[in-house]
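As structure tokens, the structure follows; a few thoughts come after it.
Each reported figure results from applying straightforward, stated rules to the coordinates on display, with no laboratory input. Everything quoted here is computed from the prediction, not taken from an experiment. Glycine gets a Cβ as well: all are built from the backbone with ideal geometry, and neighbour counts include every protein chain shown.
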Amino acid sequence: MVATVLKLRYRVLGNTLARRPWQLVGFCFGILWALSILGIVISAMAATGALSGLETVRPIAAIGGSALLLGWVIGPLLVAGIDTTVDAEKLAPFPLSRSQVMTILTATGLTGIPGIATSLAALASVVMWLRWPVAVVAAVPCAVIAVLTCVLATRLSSTMSTGLGGNRRGRELIGTVLLIVIIFAGPIITGVLALVSGAGNIGEQVLRVGTVLGWTPLGAAWAVPGDLAAGQYGTAALKLLIALATPELLWFGWGRALDRATVSPPRQTARTVRAGALGLFGVMPTGGVGATWARSLTGWLRDPRYLRQLIIVPLFPLVFAFTGGIQGFLFPLSALLSAFILCFVGYTDVSYDGTAFASVLSSPIRGQEDRWGRVLGAATVGVPLIIVIAVVTTAISGTLERLPAVLGASLGLLLVGYGVTAVSSALIVTPVAAPGDSPFKTVPGQTFVSGLLVFVVMAACGVLGAPALGVSLTAFGSGNVLLGWIGLAVGLVVGAGVIVAGVVLGGRTIEQTGPDLLVRIKAFPVG
Amino acid sequence: MTETPPIPALHLAGLVKTFGQKVAVGGVDLIVPPGSFYGLVGPNGAGKTTTLSMATGLLRPDAGNAWVHGVNVWAEPQRAKAMIGNLADGVRLFDRLTGEQLLTYTAMMFSVPREEISQRVSDLLDLMDLRAAAGTIVADYSAGMTKKVALACALVHAPRLLVLDEPFESVDPVSAANIEDVLRSYTASGGTVIVSSHSMDLVQRMCDHVAVIAAGRVLAAGTVDEVRGEQSLQDRFVALVGGRHTSEGPQWLRQS
């Protein structure tokens, strides 16, 4: 049974790669990347084992192992997306018991590229213990336990965060909380370190953290060999117990999560508003621009796929305040970094429509009207947000005289971004999570090239935004108020010009490319 | 002196579409007279949806042309699309909006004057029995309700030509009958409907014209009586398309 599903999974991968040569290129790069990371990690481990004493190797093993596990839990949610080639939802129609489903999913997790890389790295961790034979013997089974823990943990977290897990609200909440936790991870770690530190330098603090982690489910499996090497058989036994209990508990928890998920499948709650509550559609003027504006703005305010980008933005000032203090250099520039994030969010805006783009295409609106509507929708949220961040951060840091410069740089970049994306979104569509799906779900068919296109769009924003950025940042650095106002003027004028040009060009383009974009969107594999 | 025929509501000439090696539509010609209720029937994969997509400006043909009331769909898409009410098959709606918002949005996209929008939306909600679900987001609708709201969207700007791809799929019989009545009075008042369907009974009952399409070609077209001759439309269709086999099904599937 497991073998059948595994074969199927590799067949799916093979077919996808065979049909999309560029994805094959991306895949090869992925493998190369995994191999190089693996090489670096193994040599680092070998060096640690050969050069350091037991008192250093032990905490480092625990810290490395904990980081690995955290990476498995967090990485798929934030960076890589969750692989849904085989998931509980797809296996549901087959007559399989819950534990069979879980076994299959564990096996597919172990045999994916990350799973293989992790297994190799974990087994190779033996090289750290070469000088302590008893630890070598223990390290192999411990590595197996650790890898299993990683896979089970990631399955549990993805069940809870996507697909079947809980209801939509719950999923969105988990995602948002996770994002915030990640962003604050830096400050939190600093805080924890400060708590742990009774004694001096960073190195000692790290070692202390490692020792503590060895007692937690995160690092227990990695601490057992070290304890054995040091002859501490009692603590080794205790930690082994922790390490063995962890996958058991994860398995149990995952089973419960799957059960809950099948009992209360997603989309159970129908959200109903009062009839006649038209929202923005009652406010905007009739016509293509108004309609698109209302739709786009509704998306920006309600669609998790847009909101995900918006939520990060106000967190920048907080992070900078934590790390550099409000007197720091970066804090008043938070608005610029926020603008940087916002400016290319819509670079494949049509992708977010999905096949509903057909209804845009069925309507008699001109390409320009569509572009204006989308730009206005994005700007209605983005511009005020950036202005507020700029005013608040400069006011708090007591650098209000630099406000024009900050506004010049950030609005200059943001407006240019709207102009650039008005063109790029008429040319590029990429597979994105369907509306209502978890924004964290990975979508098959996202290619290496479409990933690279983000950088092309960013570069275009950078080039066109260069005048405003140059003047404004010079003004910011020198504190020259007049130059700051000039920067703001340049930013607004150039930005407005780029938007108009982008809308005209993008509008003309999408009238040509519209049907082809729809064909491409329809051809995307459904996630 | 010959009488000039009226400009067709929809005129397709030599439409061709190939996907890779596969010829989905291999030269479709069709004339839909104004005021007609035109049925487009064909087996699965015959090219009905592809044809209608090319006729409504959603899919660029490899060759051929489409005119709506004399306006070339691919040369003047905005003018043509303003006359078309399109219910496309196999595409989503903006289903994060409530039914009422979606209808209002569609009306705005077609520049229906603001003061007329709420009346039209309200009428359509009653017509489709969607009043109770007006404030529910479309993603939470059942398949039949989604079809009905999509149909309402196609009607909201009072188009001259209605292009409906599988409009009655999963719609309950009561709603279907109501919609049928509305469509009949719409054609009686001069509107044109072209509808694709698998249901021969429905086409024979509702349509005055029919085209049988298979493997990307029109096999027969004309008034329903012309096409079916002495036979029922179902029998005529099977005779044209072929592929009917009499069998009891495989042995292993039989329960006794």
Between the residues A:Gly497, A:Gly398, A:Leu330, the Cα farthest towards the positive end of the dipole of the stretch A:282-523, that dipole coming from +1 and -1 charges on the beta-carbon of Lys, Arg, Asp and Glu, is from A:Leu330
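Charges at C-beta only: +1 for Lys and Arg, -1 for Asp and Glu. How large is the resulting dipole of the protein assembly as shown about its Cα centre, in Debye rounded to 20?
Details: 53 positive and 44 negative charges, 289 e Å.
So the dipole magnitude of the protein assembly as shown works out to roughly 1380 debye.
Sorted from largest to smallest, which semi-axis lengths in Å does the alpha carbon gyration tensor of the protein assembly as shown give for its equivalent ellipsoid, taking the root of 5 times each eigenvalue?
On the way: eigenvalues 603, 264, 98 Å².
In descending order the semi-axes read 55, 36, 22 Å.
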Can you work out the base-10 log of I(q)/I(0) for chain B at q = 0.16 1/Å, using the Debye formula on its C-alpha atoms alone? -1.23
5 angstrom amide H check on B:Arg60, placed H, neighbours 5+ away: none
Grab the other residues whose beta carbon is less than 13 angstrom from that of B:Ile117, score K and R as +1, D and E as -1, and report the net. -2
³J(HN,Hα), Karplus 6.51/-1.76/1.60, whole Hz, each residue of the stretch A:362-370, x for Gly, Pro: 6, 8, x, 6, 7, x, 4, 4, 4
As I understand it, the dipole of the stretch B:10-241 uses +1 on the Cβ of Lys and Arg and -1 on the Cβ of Asp and Glu, about the Cα centre. Which of B:Val174, B:Leu30, B:Gly14 lies farthest toward its positive end? B:Gly14
³J(HN,Hα) computed for each position of the stretch A:483-498 - Karplus, 6.51 cos²θ - 1.76 cosθ + 1.60, integer Hz, glycine/proline x: 4, x, 4, 4, x, 4, 4, 4, x, 5, 5, 4, x, 4, x, 5
Can you work out ³J(HN,Hα) from phi for every residue in the stretch A:133-149, in order, using Karplus 6.51 cos²θ - 1.76 cosθ + 1.60 and θ = phi - 60°, giving whole Hz and x for Gly and Pro? x, 5, 6, 4, 4, 6, 5, 5, x, 5, 5, 4, 4, 5, 5, 4, 4
Eligible aspartates and glutamates near B:Lys147 by straight Cα distance, threshold 18 Å, same-chain separation 8 or greater: B:Asp89, B:Asp95, B:Glu100, B:Asp123, B:Asp126, B:Asp129, B:Asp165, B:Glu166, B:Glu169, B:Asp172, B:Glu180, B:Asp181
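How large is the direction-averaged shadow of the alpha-carbon convex hull of the stretch B:29-158, in nm²? Kindly include the intermediate steps, with their values, before the conclusion.
Working: hull surface 35.7 nm².
The number I arrive at for the stretch B:29-158 is 8.9 nm².
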Based on other C-beta atoms within 10 Å, arrange A:Asp353, A:Asp227, B:Asp89 from fewest to most. B:Asp89, A:Asp227, A:Asp353
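B:Ala13: net charge of surrounding residues, Cβ under 15 Å, Lys/Arg +1, Asp/Glu -1, itself excluded?
On the way: positive: B:Lys17, B:Arg217; negative: B:Asp29, B:Asp62.
Here the count lands on 0.
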Once the dipole of the protein assembly as shown is set up with Lys and Arg at +1 and Asp and Glu at -1 on Cβ about the Cα centre, which of B:Met83, A:Phe455, B:Met200 lies farthest towards its positive end? A:Phe455
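Taking neighbour counts of Cβ atoms within 10 Å as a proxy for exposure, in what order, fewest first, do B:His245, B:His157 appear?
Numbers: B:His245 5, B:His157 22.
In increasing order of surrounding Cβ atoms, one gets B:His245, B:His157.
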Net charge within 15 Å of A:Trp485 by Cβ-Cβ distance, Lys/Arg positive one each and Asp/Glu negative one each, not counting A:Trp485 itself? 0
Largest-first principal axis extents of the Cα set of the stretch A:282-523 (Å): 52, 39, 35
Proportion of all alpha-carbon pairs of the stretch B:140-216 beyond 14 Å (%): 64
Between B:Ala214 and residues 5 or more places away or on another chain, which pairs have amide H atoms under 5 Å apart, with H built 1.01 Å from N, and which residues are they? B:Leu219
